[in-house]
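Below is one structure, written out as structure tokens, with a few remarks after it.
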Amino acid sequence: MFLIELFKTLILGIVEGITEWLPVSSTGHMILVEEFIKLNYSDAFKEMFFVVIQLGAIMAVVILFFHKLNPFSPKKTRKEKIDTVNIWIKVVVGVVPAAVLGLLFDDWLNEHLYNYQTVAIMLIFYGILFIIVENMNKGRDGSIKSFKDLSYKTAFLIGMFQVLALIPGTSRSGATIIGAIILGTSRYIAAEYSFFLSIPVMFGASALKLYKFGFDFSSEEFIILIFGMVVAFFVSIISIKFLLSYIKNNDFKAFGWYRIILGVIVLSYFLIFT
């Protein structure tokens, strides 16, 4: 029944909205949740859905940071407009590595790495890495505390870390945040830059999936897709505000422990029951 599919989409949209911004891997969680909540549609539609639903989450960033990211705002001085343009240039610089490699390896990644084994291993590995990095940086919060301090070279290197997130279970925000912290940014700038990098990355990934799918939706599929995006949008608003508030007084080790525990549970479950 269609109502059942809508309910499944509601759950998937909530999962997407929460996990897209927290460094715990949205794609990994979506793959895992879909093991238990299977949408009754074609594999081609579901492959597209799990990427394009992220557009709803991305729109939350656009809305929340619209003024900061808008270089044409009449409320900004000429210098502030130039600073905004520089933020966008740094975003573009950081996007290039993942955009190029994502286009080249998209099909291979979908065929070989979109499975629970990869997700579980990456959850555990980067969970451990989060704890190690935070222990190394204990008592420090980075020398790069604003986008003015962020050089183009550092922006590009953070973009190289984002390439790691092409592997499901890694977490795009997790990879970029870890990379940014290692390279000397504050946690707050690491999180904000990760949010901004997501805008072109997710728009590009969604456009690619829609193109491959062929825009050939049934009316029911179209409703499911839009509903999932809307749910992800509203939940993302809450998630982003939570994370930015959380990191003012906390590090990321809690997310590291969460990843490790979840990864162990996932491996144990599938080894026992499959």
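The values are calculated or read from the model by the stated rules, or taken from the named source; none is laboratory data. Note that the structure is predicted; figures quoted are calculated from it, not measured. For neighbour counting, all protein chains shown are included, and Cβ atoms are generated from backbone atoms with ideal geometry for every residue, glycine included. What goes into the accessible areas is simple: the full protein's heavy atoms, side chains included, and nothing from ligands, DNA or RNA. Shrake-Rupley method; radii C 1.70, N 1.55, O 1.52, S 1.80 Å.
For this structure, a couple of remarks:
- Residues located in segment 207-230, provided they are open to solvent by less than 30 Å² (accessible area, probe 1.4 Å) and either of a type in the set (D, E) or closer than 20 Å to F66 by Cα (or both): E221
- With respect to the stated conditions, P97 fails to be touching a residue at least 12 places away in the same chain (Cβ under 8 Å), within 20 Å of the chain's Cα centre (by Cα) and more than 30 Å from G214 (Cα to Cα).
- Options D141, D83; residue that is open to solvent by 30 Å² or more (accessible area, probe 1.4 Å) and in a loop (DSSP other than H, G, I, E, B): D141
- Among residues of segment 260-274 that are within 14 Å of I31 (Cα to Cα), those with a beta-carbon under 6 Å from a residue that is open to solvent by less than 30 Å² (accessible area, probe 1.4 Å) at least six positions away or on a different chain give the pairs L262/L123; G263/A120; G263/L123; V266/A120; L267/A120.
- Criterion violated by F130 - all others in (1) among the aromatic types (F, W, Y); (2) more than 22 Å from H29 (Cβ to Cβ); (3) surrounded by 16 or more Cβ atoms within 10 Å (Cβ to Cβ) satisfied: (2)
- Looking only at segment 147-206, and only at residues there that are among the basic types (K, R) and touching a residue at least 60 places away in the same chain (Cβ under 8 Å), the one that is most open to solvent (accessible area, probe 1.4 Å): K148
- Filter pass, M30 being at pLDDT below 95, among the hydrophobic types (A, V, I, L, M, F, W, C), within 21 Å of the chain's Cα centre (by Cα) and open to solvent by 60 Å² or more (accessible area, probe 1.4 Å): no
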